[in-house]
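Student: I have a structure I would like to understand better, so I am pasting it below and will then ask my questions one at a time.
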Amino acid sequence: MCGIVGIFDIKEKREINRDLLSRMNETQFHRGPDEGGLHIEAGLGFGHRRLSIIDLTSGRQPMVSRDKNAVLTYNGEVYNFPELRKELEALGYTFDTHCDTEVILYGWQAWGESCVDKFRGMFAFAIWDRDRQTLFLARDRLGVKPLYYAELPNGQFIFGSELKSLKEHPELPKELDPTAIEDYFGFGYIPDPKTIYKNVHKLEPGYCLTIKRGSRTYQPRQYWDVDFTVRPPQDEQTTGAELIERLREAVKIRMVADVPLGAFLSGGVDSSAIVAMMAELSNDPVNTCSISFGDPAFNESQFAAKVAERYHTSHRLSQVDPDDFSLIDQLAGLYDEPYADSSALPTYRVCELAKKQVTVVLSGDGGDENLAGYRRYRWHSYEEQMRSWLPASIRKPVFDLLGRVYPKADWAPKIFRAKSTLESISRDSMEGYFHSVSVLSNELRNSLFSDQLKRDLQGYQALEVFRRHVDKAPTDNALSLVQYLDIKTYLPGDILTKVDRASMAHALEVRVPLLDHKLVEWMAGLQPELKLKGREGKYIFKKSLENYLPNDILYRPKMGFAVPLNAWFKGPLKHKVREALLGETMMQCGLFDQEFLRQMVSQHESGLRDYSSPIWSLFMFEAFLKNNNTQ
């Protein structure tokens with residue numbers, strides 16, 4: 001795993017500032033502490049930081065082709081490179097290394113832009129083709145690896161693995177994008193292709209970008225999308241057996257490394273399944289690690305230990321202090337833009353633990369999105385049934401009224417907290433699903449934002465992120481549609497961003513078998529009722545794993561990496577919250593209603609309302625503003 005940067009002069013061949021390129025590259029030292037390299041020529045500069053995983057003695061980057069016509073800087077792993085190398089050798093290409101980097105380089109020369117269709121793995125890369133005077137960028141299909149870019153007023157095009165590398169360039173405009181602020185407080189992260197800055201973009205998963213020198217006109221092109229067309233059904237036993245075989249193969253190709261390798265083991269279904277496959281494929285005990293929490297409500301360590309014992313893994317367990325909030329001040333610098341998933345804290349800790357033992361880990365990320373594991377999918381299905389029974393002319397006014405008059409009982413047992421569900425049913429399908437995943441509701445954002453920010457938004461709402469994807473969605477099935485939305489938004493914007501930054505902060509490579517694109521395509525073609533059957537999410541996955549994992553692993557309620565925000569904000573962080581939300585940075589930035597900020601803090605402290613998630617979102621936004629103002 002690595003970090004890449006680049007400066008490309010679109011207009012002409014002006015000299016590239018070597019010191020600037022080097023500084024941009026060194027902002028990502030943590031991503032590749034093993035070695036760094038620069039390539040500079042007229043009008044072009046590439047930088048690279050390397051974390052050596054395969055072919056440790058060669059494969060240095062940026063890499064130049066034998067004919068000196070192409071230059072590559074690359075972050076990621078292409079797992080099918082041995083097969084592609086044979087194809088390229090048959091075409092007459094000669095190789096000097098044993099790594100995938102050279103395969104990408106000559107793949108471009110042999111196949112041009114269509115080379116990305118052949119790559120199986122996680123990647124973000126840039127290639128400069130001298131003959132064509134063309135810069136080509138590409139990002140993997142699911143967005144495991146990040147790639148940011150911007151065009152500067154001086155005619156330079158810059159890119160990097162992390163936003164911090166672009167921010168190092170003195171010519172980068174840092175004007176905040178009001179619609180990105182709205183998106184952030186709607187989703188808790190900023191969905192692709194936006195960033196917090198108007199002029200900076202993320203290259204979306206499954207997209208590539210071609211820029212010819214002298215042309216200021218370029219547009220990202222989608223080269224892949226997931227297709228939810230259902231295949232002819234098979235019996236459950238046959239389907240389950242094929243699922244296991246496909247998962248085993250996806251795991252196997254991710255176990256190739258010249259450095260120590262292991263797995264995250266939370267004790268949940270997905271990570272346990274990965275460990276089970278690894279144990280079958282390995283002659284040596286699998287290295288596994290997990291963290292435990294003092295609070296039993298958040299602690300899965302006993303289940304992780306059970307899987308570790310069954311498969312005789314070399315297991316490491318570390319207990320996290322339930323009041324481990326010492327990392328909070330680091331998060332703004334780690335993520336570079338507002339990011340509000342509080343599980344970033346324990347994710348950082350488990351990556352820190354893993355690095356003590358290994359350099360590469362396999363994770364279970366992606367199982368919930370692909371196989372309908374989230375509880376919200378079940379609730380959405382219930383709400384869709386209700387919407388189908390009642391016409392909108394009746395449903396909307398009735399449930400809208402019920403939602404408005406039903407008390408917001410944050411203090412009550414969950415069974416009595418029906419307000420959100422009633423409000424969701426009153427909306428159409430997409431509005432309802434957005435309501436169920438939003439960090440701050442439409443009403444709360446409207447109260448929070450200043451009049452000036454609302455004017456700047458010109459009516460824009462975060463829901464439009466979903467609408468954009470729905471317009472292109474390859475399915476009209478209710479469950480498949482929300483899975484598709486999560487694959488396009490939540491998965492790359494939240495989950496994979498969290499894991500990439502937390503792991504790269506420790507120079508740890510994370511590989512994700514459940515996001516192998518061939519496996520993803522196959523799972524997408526399963527009947528929806530094999531994914532969500534009654535109340536059981538990931539139904540066929542769990543059935544297929546019954547010979548590998550005990551029922552108390554497979555069929556217990558989902559937990560996840562929760563953080564006790566409510567207790568923190570009423571206890572040890574109470575003063576810090578007041579200082580952040582009611583301090584000069586937030587009060588003077590012009591983005592928020594000052595009185596409503598005071599009201600939120602007061603009502604949360606008194607226990608009248610549980611504003612844990614909104615307060616955390618504001619907390620992280622304030623940290624970003626302070627960090628941004630010092631750069």
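The values are calculated or read from the model by the stated rules, or taken from the named source; none is laboratory data. Owing to the predicted nature of the structure, the values given are computational and were not obtained by experimental measurement. Heads up, the Cβs are rebuilt from the backbone with ideal geometry, glycines too, and the neighbour counts pull from every protein chain shown. Side chains included, ligands, DNA and RNA excluded: accessible areas come from the protein's heavy atoms. Shrake-Rupley method; radii C 1.70, N 1.55, O 1.52, S 1.80 Å.
Student: Using a 1.4 angstrom probe on heavy atoms only, work out the carbon and sulfur share of the accessible area of the chain in %.
Tutor: Heavy-atom surface of the chain belonging to carbon and sulfur, 1.4 Å probe: 49 percent.
Student: A further question on this structure: Please work out the FRET efficiency for the pair residue 376 and residue 223, using the Cβ-Cβ distance as r and a Förster radius of 25 Å; give the result to the nearest 0.05.
Tutor: 0.25
Student: A follow-up question, please. For segment 33-161, what class follows from the C-alpha gyration tensor (a ≥ b ≥ c being the square roots of its eigenvalues): rounded when a/c is under 1.5, otherwise prolate if a/b is larger than b/c, else oblate?
Tutor: In terms of gyration-tensor shape, rounded.
Student: Which helices, taking whole DSSP H runs in the chain, have alpha carbons extending 20 angstrom or more along the helix axis plus mean Kyte-Doolittle at least 0.0?
Tutor: Membrane-span-like by this criterion, though nothing is claimed about a membrane: 612-629.
Student: Quick check: Cα centre of segment 548-615 to Cα centre of segment 315-371, how many Å?
Tutor: The distance from the Cα centre of segment 548-615 to that of segment 315-371 comes to 19 Å.
Student: Test of understanding: what is the full-extension gain from residue 476 to residue 314, defined as 0.36 nm times their sequence separation minus their Cα-Cα distance?
Tutor: 53.8 nm
Student: With the Cα gyration tensor of segment 65-106 in hand, give its eigenvalues times 5 under a square root as the equivalent ellipsoid semi-axes, listed largest first in whole angstrom.
Tutor: 15, 15, 7
Student: Taking R0 as 30 Å, what FRET efficiency do you get between residue 613 and residue 551 from their Cβ-Cβ distance, rounded to the nearest 0.05?
Tutor: The pair residue 613/residue 551 has a calculated efficiency of 0.40.
Student: Let me ask another. Compute for segment 431-543: radius of gyration divided by Kirkwood radius, i.e. Rg/Rh, restricted to C-alpha atoms, rounded to two decimals.
Tutor: Taking Rg over the Kirkwood Rh, I get 1.04.
Student: Considering only DSSP beta bridges where both residues belong to the chain, give the percentage that are antiparallel (nearest 5).
Tutor: 75
Student: Let me ask something additional. Looking at segment 448-477, which chymotrypsin sites (Phe, Trp or Tyr not before Pro) are in a loop (DSSP not H, G, I, E or B) and have at most 10 other Cβ atoms within 10 Å?
Tutor: Sites meeting the loop and neighbour criteria: none at all.
Student: Per-residue ellipticity at 222 nm for the chain, helices alone: DSSP H runs ≥ 4 residues times -39500 (n - 2.57), over residue total, nearest 500 deg cm²/dmol?
Tutor: Computed ellipticity for the chain at 222 nm equals -12000 deg cm²/dmol.
Student: Quick check for me: using +1 on Lys/Arg Cβ and -1 on Asp/Glu Cβ, what's the dipole size of segment 243-336 about its Cα centre, in debye to the nearest 20?
Tutor: Charge dipole, segment 243-336, about its Cα centre: 520 debye, nearest 20.
Student: Separate question: Hey, if we sort 471, 365 by accessible area with the 1.4 Å probe, largest down, what's the order?
Tutor: Sorted by accessible area, descending: 471, 365.
Student: Another question, then. With a Cα-only, solvent-free Debye model of segment 221-308, what are the log10 I(q)/I(0) values at q = 0.23 Å⁻¹?
Tutor: -1.10
Student: Of the listed values (1) 143; (2) 241; (3) 155, grab the one calculated as volume of the Cα convex hull per residue in Å³ from the structure here.
Tutor: This structure yields the entry labelled (3).
Student: For segment 496-631, I need the span (max minus min coordinate) of the C-alpha atoms along each principal axis, in Å, sorted largest to smallest.
Tutor: 57, 38, 26
Student: Another question about this same structure. So between residue 174 and residue 283, what do we pick up on full extension, going 0.36 nm a residue minus the alpha carbon distance?
Tutor: Length gained between residue 174 and residue 283: 34.0 nm.
Student: What is the diffusion coefficient of segment 555-631 in µm²/s, taking the Kirkwood radius over Cα pairs and the Stokes-Einstein relation at 20 °C with a viscosity of 1.002 mPa s?
Tutor: Estimated diffusion coefficient is 159 µm²/s.
Student: Let me ask you something else. Two decimals, Cα atoms only, Kirkwood Rh: what is Rg/Rh over segment 44-120?
Tutor: Rounded to two decimals, Rg over Rh is 0.92.
Student: Subtract the Cα-Cα distance of residue 596 and residue 562 from 0.36 nm times their separation in residues, and report this length gain in nm to one decimal.
Tutor: Once the chain is fully extended between residue 596 and residue 562, it gains 9.5 nm.
Student: So what does residue 50 come to for accessible area, using a 1.4 Å probe and Å² rounded to 10?
Tutor: 20
Student: Related question: Provide the solvent-accessible area of residue 518, counting protein heavy atoms only and rolling a 1.4 Å probe, rounded to the nearest 10 Å².
Tutor: 100
Student: Among all the lysines, which ones have a C-alpha under 20 Å from residue 626's C-alpha, if same-chain residues fewer than 8 places away are not counted?
Tutor: Those lysines meeting the cut-off are 164, 167, 174, 198, 574, 576.
Student: Under unit Cβ charges (Lys, Arg +1; Asp, Glu -1), what dipole magnitude, rounded to 20 debye, does the chain have relative to its Cα centre?
Tutor: For this selection, approximately 660 debye.
Student: Next up: Compute the relative contact order of segment 245-390 as a whole-number percentage, counting only Cα pairs closer than 8 Å that sit 6 or more residues apart in sequence.
Tutor: 29
Student: If amide hydrogens are placed 1.01 Å from N in the peptide plane, which non-local residues have theirs closer than 5 Å to the one on residue 299?
Tutor: The answer is none.
Student: Moving to a separate point now. Order 235, 428, most accessible first, counting only protein heavy atoms with a 1.4 angstrom probe.
Tutor: Sorted descending by solvent-accessible area, the residues read 235, 428.
Student: Once you list every other residue whose beta carbon is under 10 Å from the beta carbon of residue 338, what net charge do they have if Lys and Arg are +1 and Asp and Glu are -1?
Tutor: -4
Student: Another one. Quickly rank 333-340, 167-174 as a protection proxy: mean count of other C-beta atoms within 10 Å, highest first.
Tutor: The densest-packed peptide leads the list: 333-340, 167-174.
Student: Turning to a different aspect of this structure: At a threshold of 8 angstrom on Cα-Cα distance, excluding pairs fewer than six apart, so keeping six or more, what relative contact order does segment 533-631 reach in percent?
Tutor: Relative contact order for segment 533-631 comes out at 25 percent.
Student: Also, I was wondering about something else. For the chain, what is the accessible area per residue in Å², given a 1.4 Å probe and the full set of protein chains?
Tutor: With all protein chains present, the chain gives 39 Å² per residue.
Student: Which value, in Å² rounded to 10, gives the accessible area of residue 115 with a 1.4 Å probe and all protein chains present?
Tutor: The accessible area of residue 115 comes to roughly 0 Å².
Student: Under a point spin-label approximation (7 Å from Cα along Cα-to-Cβ), what is the residue 83-residue 253 distance to one decimal in nm?
Tutor: The modelled label-to-label distance comes out at 0.5 nm.
Student: I would also like to ask the following. If you take the square roots of the eigenvalues of the alpha-carbon gyration tensor of segment 463-524 and sort them as a ≥ b ≥ c, do you get rounded (a/c under 1.5), prolate (a/b over b/c) or oblate?
Tutor: oblate
Student: How large is log10 of I(q)/I(0) for segment 110-208 at q = 0.10, 0.15, 0.19 Å⁻¹ when the intensity is taken from the Debye formula with one equal scatterer per alpha-carbon?
Tutor: Summing over Cα pairs of segment 110-208 leads to -0.31, -0.67, -0.99.
Student: Quick one: grab Rg to one decimal and Dmax as a whole number for segment 1-94, Cα atoms only, in Å.
Tutor: When restricted to the Cα atoms of segment 1-94, Rg and Dmax are 14.7, 41 Å.
Student: Residues with amide H under 5 Å of residue 17's amide H, sequence separation 5 or more or different chain, H placed in the peptide plane at 1.01 Å from N; which?
Tutor: none
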